[in-house]
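The values are calculated or read from the model by the stated rules, or taken from the named source; none is laboratory data. Predicted model, so just to flag it, every value in this text is computed and none were measured. All Cβ positions, even for glycine, are placed from backbone atoms using ideal geometry, and neighbour counts span all protein chains on display.
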Amino acid sequence: SRTELCLIGCSKKHHETPNQDHLKLLKPVECAVENWRLECAACVLIASKANEVSRKVRDVINVMYQLCGQEEKTLEIDEGFWKMRDGVIAYEQHVLRNIGFNVKPTLPFPFLLNYLKALSAPQSVARTAYAILIETFDLPLCLKHESHVIAAACIHLACLIRGFIPPTGRSADGSLIRWNHLVAVTPGALEEVGLVVLAYLESLADLHQQFPLAGQAPQVKHNVN
C-alpha cells in the first residue's frame, strides 16, 4: 500500500559506527579544574568548529574557568593554563574518536515528521508526538537507541494517548504487518523507550503538582500616576 511504501522509504538511513579501539577512558589530567569540565569545554569547542562558529581555545577555557567560581576571574597564561589547554585538546580528540568523527548526527525530527506524514496521522497526534520528542531530549535515550527508534516510540505513545489506530497491512501469507515493522522498530524497542519516557513525563507531572505556579509568570503591579 501507499503507507507501507512511504514508511519503507522513510526507514532507509545510513549509520557510522564509531571506532571501538578508542572506547576507553582518558588518563586523568592534573590541573586546577575537574576533568569533566575539561570534557565539557572540549564538546563546546567541537560544536563551534562543526557549525563554523569560530571560537578560540583560550576563550572557551576562560569561560569554563570563570564558571568554576574561581576567585581570580582572569586566567593568567602560566603553567596552569597550558595544562588546562592540553587537557581540553586531549578530550577533544578523545570525544571525536569515540563518536567516529560524526559531529553532525541524525536527529529524530526528520524521522518523526516523515513517519507522521506516511501514516496520515491527525494534527492532534502530530502535536503530541512532537511535544513528547522535545521532552525526551532531557533523557539519555540517544546513547542506547537510534534516532528512528526514538521517533517511532514518540509516535506510538502519541497514538495511545490520542486513541489513533495507525493503518496496518497484510503480508503474502496473510499475517498482520504493523507500521513499526516497516521502519525496522521492534515492539520491544517501542515498549522499552515508551516506559522510560512515560516514567519521565510522570515525574514532570508530579513536580508540577508540587509547584503548580512554577511555570506561571509573576504578576507585577504597576503604579499609574
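Scanning region 170-198 for residues that are surrounded by fewer than 11 Cβ atoms within 10 Å (Cβ to Cβ) and of a type in the set (A, V, I, L, M, F, W, C), we see that the one that is farthest from the chain's Cα centre (by Cα) is Ala172. Return the residues of region 167-193 that are among the charged types (D, E, K, R) and assigned to a helix (DSSP H, G or I); say none if nothing qualifies. Across region 167-193, the qualifying residues are Glu191, Glu192. Of all residues assigned to region 157-166, at least one qualifies as being modelled with pLDDT of 90 or more, assigned by TED's automatic domain parsing to the domain that holds Asn114, surrounded by 12 or more Cβ atoms within 10 Å (Cβ to Cβ) and not in a helix (DSSP H, G or I). Pairs are defined by a Cβ separation below 7 Å, a sequence spacing of at least 6 or placement on different chains, a first member in region 144-169 that is within 16 Å of Pro187 (Cβ to Cβ) and free of Cβ contacts under 8 Å to residues at least 12 places away in the same chain, and a second member that is part of a loop (DSSP other than H, G, I, E, B) and not hydrophobic (A, V, I, L, M, F, W, C); the pairs so defined are Thr168/Arg178. Any chance region 111-126 includes a residue that's farther than 30 Å from Pro28 by Cα, exposed (fewer than 15 other Cβ atoms within 10 Å of the Cβ), at pLDDT 95 or above and small (Gly, Ala, Ser)? The answer is yes; a qualifying residue exists. Among the residues of region 76-102, those identified as in a helix (DSSP H, G or I) and in contact with a Pro (Cβ under 8 Å, 6 or more places away or on another chain) are Arg97, Asn98.
Is it the case that some residue within region 66-82 is of a type in the set (Lys, Arg) and either in the same structural domain as Ala151 (by TED's automatic domain parsing) or at pLDDT 90 or above (or both)? Among the residues of region 66-82, not one is of a type in the set (Lys, Arg) and either in the same structural domain as Ala151 (by TED's automatic domain parsing) or at pLDDT 90 or above (or both), which makes the answer no.
Here Asp21 meets the list (1) surrounded by 13 or more Cβ atoms within 10 Å (Cβ to Cβ); (2) modelled with pLDDT under 90 almost entirely, failing just condition (1). Among the residues of region 37-66, those identified as farther than 15 Å from Leu96 by Cβ, without any contact (Cβ under 8 Å) to a residue 24 or more places away in the chain, out of contact with any Lys or Arg (no Cβ under 7 Å at 6 or more places or on another chain) and in a helix (DSSP H, G or I) are Asp59, Asn62, Val63.
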